[in-house]
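Read the structure below first, then the notes.
The values are calculated or read from the model by the stated rules, or taken from the named source; none is laboratory data. The shown structure was predicted, so the numbers you read here are calculated from the model rather than taken from an experiment. These accessible areas exclude ligands, DNA and RNA; they are computed on the full protein's heavy atoms, side chains included. Shrake-Rupley method; radii C 1.70, N 1.55, O 1.52, S 1.80 Å.
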Amino acid sequence: MAKEISPYNELGVYETSELYGKTGKYRVLQFADGAVQGAMDMREPQRVVLEYQRAMIHLMDDNDPAFSSAFVIGHGIGTIAGHYPDRQFVTAEIDEKIVELSRRFFRYRMNNVVIGDGRDILVEQESGRYDYILLDAFTSKGTPRHLTTLEFFQTVMDKLRPGGAVILNVAGKLRNDRRSAAIHTTLSETCAYTRAFYLPVRGAGVDDLGNLIIIGSNKPIQAQPGLTADFAEIAMERGHVIRD
């Protein structure tokens, strides 16, 4: 349907009758390396298609069903913000072309996206403003390093209200993953509680990359078994602390 090249990404929008082994009618935004950035069910546009997004939504609803505000780094097609049209969301997206495609092909109509580097925009926010901060930003090399450091997570915790939570979607392996272990360890340095959930890519082995959802907070974290899509809770290995 569309191919675009921006200063940051090579982007494509296409339609398919099968996505992750499930048949239907889907419209997909992806990078040139095949990484899916967003998907819409054309027969049921309000349905949240991607499992990692359903898992993040569950964690948000389970830990603070009455939350009022969230800051998101990484827009995609705007699925999570669009799921909560009555809540206050601010989304930081470095690639203006992604936002344009989300409006042109995926019916995103909310006026809450700020163009720029997510860390720089977060620094400018008021302390204690947000109930949730969501990190869902990727390049072809994975989550940008400057969004995984101790100093970044210290900023995140400053912008959360007491009892708020940060939720990360990162690419990770089930075991022997030094980078994911380091991200989890670094986050753990800044908050009292963390939990991690893993979803393997369909058909992949345990040593292949999957989705890893990590949540951190200064209050105990709730997660009902069976409601985090097909994610399974895992214990993270100890890693090194990432610094600027």
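Picking from Met42, Met157, Met60, which is most flexible by a Gaussian network model of the chain using Cα springs under 10 Å?
The residue that fluctuates most here is Met42.
With the cut-off at 1.5 for a/c, could you classify the range 30-163 from its C-alpha gyration tensor as rounded, prolate or oblate?
oblate
Given a 1.4 angstrom probe, what's the average accessible area per residue across the chain, in square angstrom?
47 Å²
For n ≥ 4 DSSP H runs only, could you compute -39500 (n - 2.57) per run for the chain, divide by its residues and tell me the 222 nm figure to the nearest 500?
Counting only the DSSP helices, I get -6500 deg cm²/dmol.
Give the distance, in whole Å, between the Cα centre of the range 116-189 and the Cα centre of the range 87-114.
Comparing the Cα centres of the range 116-189 and the range 87-114, I get a distance of 20 Å.
Pop out the carbon and sulfur fraction of the accessible area of the chain as a percent, whole number, probe 1.4 Å.
Within the chain, the accessible surface is 47 percent carbon and sulfur.
Collect residues whose amide H, placed 1.01 Å from N in the peptide plane, falls under 5 Å from the amide H of Glu10; neighbours closer than 5 in sequence don't count.
Ala32
Let a ≥ b ≥ c be the square roots of the eigenvalues of the Cα gyration tensor of the range 106-157; is it rounded (a/c under 1.5), or, if not, prolate (a/b larger than b/c) or oblate?
In terms of gyration-tensor shape, oblate.
First check a/c for the range 106-244, with a ≥ b ≥ c the square roots of the eigenvalues of its C-alpha gyration tensor; if it is under 1.5, answer rounded, and if not, answer prolate when a/b is larger than b/c or oblate otherwise.
Values: a/c = 1.43, a/b = 1.30, b/c = 1.10.
Taking the square roots of the gyration eigenvalues as a ≥ b ≥ c, the range 106-244 is rounded.
If you plug each phi of the range 110-122 into the Karplus form 6.51 cos²θ - 1.76 cosθ + 1.60 with θ = phi - 60°, what whole-Hz ³J(HN,Hα) values come out, in order, with x for Gly and Pro?
Those phi angles translate into 6, 9, 9, 9, 10, 7, x, 5, x, 5, 4, 5, 4 Hz.
Where both partners of a DSSP beta bridge lie in the chain, what percent of those bridges are antiparallel, to the nearest 5?
On the way: 37 of 54 bridges.
The antiparallel proportion sits near 70 percent.
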